[in-house]
Amino acid sequence: MLERNAGSFRDPSGYVYEAEGSIFRSIAPRAAADYEAARDSGVFDDLVGSNTLVALSEVEKGKRAGEAYLLEHPRLPFISYPYEWSFSLLRDAALFHLDLHLKLLDRGFTLSDASAYNVQFDGPRPIFIDHLSIRRYQQGEFWLGHRQFCEQFLNPLLLRAIFGVAHNSWYRGNLEGIPTDDLARLLSLRNKLSWNVMTHVVLPNRFQQRTAGGEEVASKLTKRSLPLASLKALLKQLRNWIAKLRPDRIGATVWGDYAKNNTYTTDEEAQKRQFVHDFVASEQPASIIDLGCNTGEYSKVALDAGAKRALGFDFDQKALDAAHHRAKDQSLNFLPLFLDAKNPSPSQGWRQTERSGHDARAKADAVLALAFEHHLAIAHNAPLDQVIPWIIDRAPAGVLEFVPKDDPTIRQMLALREDIFHEYTKEKFENILMATSRIERSLETSQSGRTLYHYSRYN
């Protein structure tokens, strides 16, 4: 039985279903002609062949009455959302979307919308997942997805590029992105005098205010013709601008330089790397989650040891951008995402089922939680007997690192606050761990007593 995805309801042209680990997409008769045109022209084959579009195959089994086609797609390893992307991931997604649109226009097709949720990442590589967004181009038509592109791609990037503010929390609080009206209110006169800002923020905001005045005004404005050459020029100009955007205020962050500046000696770091390598070599996990991944050093160790793909999570924006660049430069199957572990992404959207929460999605064969648990237990007062089970719930096997109170990192955390963590001990840590898991191996790696644990969950 095909079970309809709870987040698939906005487009009546077709819906997404799941069954036995596979992904299916229905195509309604109203969308059949556009689908057939793209299929018969070879557009789909070319995009799939270049790893730009998720693969598709037509199937009969499961097709319901009234559906023109039913497509089957491979399941992507992980579904992420724009509010979990770093600046560099969001910028790559935006450039990818514009490149796809330009490529389609050259073939006589266009995109019906500009939703950032139609872009996913397979490792560091973006890929498009909404086949029904691809339709035949009508000569002279406006880019009706411009506003959506700006609010879901451009405005979040400008928030960081102009003001140095990360987009993640704002975007998560408003799933459709950052409204142009809100961004326009923040801009100074100097900002507004930029040609690009004027073209894609200020003037569109005035247009939106005019169309809010009545249907007649909106109809007149949207019926004006836009030549194909002008549309392509607009997309290329926008692409060139976005490619040059850089985050503002990217100086020192709390953990951005942690991989280079930490309390480990060379020998301690070597022991830690070897422990992770041996763990992965023995468990042979296909997928691994790296909590507190920083720049991805230990994700790379895991991949080198035999893991097929790594999914990293961290709070530090500078570290995440560095991790993404590492993944691209070294061709690693590694996707680093933003996570505030004390406040993970919840299930939200319509009926709180449109976008799945972090805990429901972040599962793997193995997990690394290196120098991670004390940030929740000490820095944020999360109970240790809840922190460890939460980590272990990510995967049936993993490596956890216990950081004792004598460690310089925790001494610094407690320097200006009362030590109320009387149950934060190595013995307590081990007892909690052994309540659900078997300790396969442990290794003390520092003079302060930092200890690594290889665990296997009982069930």
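The values are calculated or read from the model by the stated rules, or taken from the named source; none is laboratory data. Note that the structure is a prediction, hence the values are computed from the model and not measured. Note: ideal-geometry Cβ built from the backbone for every residue, glycine included; neighbour counts use all protein chains shown. Heads up: the accessible areas ignore ligands, DNA and RNA and are worked out on the full protein's heavy atoms, side chains in. Shrake-Rupley method; radii C 1.70, N 1.55, O 1.52, S 1.80 Å.
Exactly one residue out of Q348, Q317 is among the polar types (S, T, N, Q), over 20 Å from R457 (Cα atoms), under 15 Å from the mean Cα position of the chain (by Cα) and open to solvent by less than 50 Å² (accessible area, probe 1.4 Å): that is Q317. Looking across K272, K318, one residue alone is under 30 Å from E440 (Cα atoms), in contact (Cβ under 8 Å) with a residue 40 or more places away in the chain and in a helix (DSSP H, G or I). It is K272. Just the residues that are farther than 19 Å from T451 by Cα and either surrounded by fewer than 23 Cβ atoms within 10 Å (Cβ to Cβ) or without any contact (Cβ under 8 Å) to a residue 24 or more places away in the chain (or both), please, taken from segment 284-300. Scanning segment 284-300 gives Q284, A286, S287, K300.
Quick check on segment 404-425. Is at least one of its residues closer than 20 Å to E283 by Cβ and either in a loop (DSSP other than H, G, I, E, B) or open to solvent by 20 Å² or more (accessible area, probe 1.4 Å) (or both)? Don't jump to the end; show me each part of the working.
Looking only at segment 404-425, we keep the residues that are closer than 20 Å to E283 by Cβ, and these are none.
For segment 404-425, residues closer than 20 Å to E283 by Cβ and either in a loop (DSSP other than H, G, I, E, B) or open to solvent by 20 Å² or more (accessible area, probe 1.4 Å) (or both): absent.
Is at least one residue of segment 300-318 among the hydrophobic types (A, V, I, L, M, F, W, C), at pLDDT below 95 and within 30 Å of N118 (Cβ to Cβ)? No. Residue count for segment 311-350, restricted to those that are of a type in the set (A, V, I, L, M), in contact with a Ser or Thr (Cβ under 9 Å, 6 or more places away or on another chain) and within 28 Å of A6 (Cβ to Cβ): 4.
Screening A6, A33 for residues that are of a type outside the set (S, T, Y) and either under 14 Å from R64 (Cβ atoms) or over 22 Å from the mean Cα position of the chain (by Cα) (or both) leaves exactly one candidate, A33. Taking the numbered list (1) β-branched (V, I, T); (2) under 22 Å from R107 (Cα atoms); (3) within 25 Å of the chain's Cα centre (by Cα) in turn, I23 passes all entries but (2). Of everything in segment 74-91 that is touching a strand residue (DSSP E or B) at 6+ places or on another chain (Cβ under 9 Å) and open to solvent by 10 Å² or more (accessible area, probe 1.4 Å), the residue that is farthest from I23 (Cα to Cα) is Y81. Every test in (1) farther than 25 Å from Y17 by Cα; (2) under 21 Å from the mean Cα position of the chain (by Cα) is passed by R107 save one, and that test is (2).
The requirement of being within 23 Å of N459 (Cα to Cα), open to solvent by 30 Å² or more (accessible area, probe 1.4 Å), more than 24 Å from the chain's Cα centre (by Cα) and among the polar types (S, T, N, Q) is satisfied by Q386. The helices (runs of 4 or more DSSP H) located wholly in segment 94-210 that include 1 or more residues which are of a type in the set (S, T, N, Q), open to solvent by 10 Å² or more (accessible area, probe 1.4 Å) and farther than 26 Å from A38 by Cα occupy 168-173, 189-192.
Taking segment 361-380 as the range and being open to solvent by 40 Å² or more (accessible area, probe 1.4 Å) and assigned to a helix (DSSP H, G or I) as the test, only H375 passes.
Taken over segment 17-32, the criterion of being open to solvent by 30 Å² or more (accessible area, probe 1.4 Å) and without any contact (Cβ under 8 Å) to a residue 40 or more places away in the chain is satisfied by E18, E20, P29, R30.
To keep it simple, each residue is scored yes or no on (1) in a loop (DSSP other than H, G, I, E, B); (2) open to solvent by 50 Å² or more (accessible area, probe 1.4 Å).
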| residue | (1), (2) |
| --- | --- |
| A382 | yes, no |
| L400 | no, no |
| E430 | no, yes |
| E440 | no, yes |
| L452 | no, no |
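Filter segment 141-160 for residues that are farther than 14 Å from V202 by Cα and in contact with a His (Cβ under 8 Å, 6 or more places away or on another chain) and give the result. Selection gives F149, F153, P156, L157, L159, R160. If the condition is being among the small types (G, A, S), farther than 21 Å from L105 by Cα and either open to solvent by 60 Å² or more (accessible area, probe 1.4 Å) or in a loop (DSSP other than H, G, I, E, B) (or both), then segment 43-73 contributes G62, A65, G66, A68.
Which is over 23 Å from S225 (Cβ atoms) and either under 21 Å from the mean Cα position of the chain (by Cα) or without any contact (Cβ under 8 Å) to a residue 12 or more places away in the chain (or both), of F128, F149?
F128
Looking across segment 351-372, the residues that are over 16 Å from the mean Cα position of the chain (by Cα) and more than 26 Å from R450 (Cα to Cα) come down to R351, Q352, T353.
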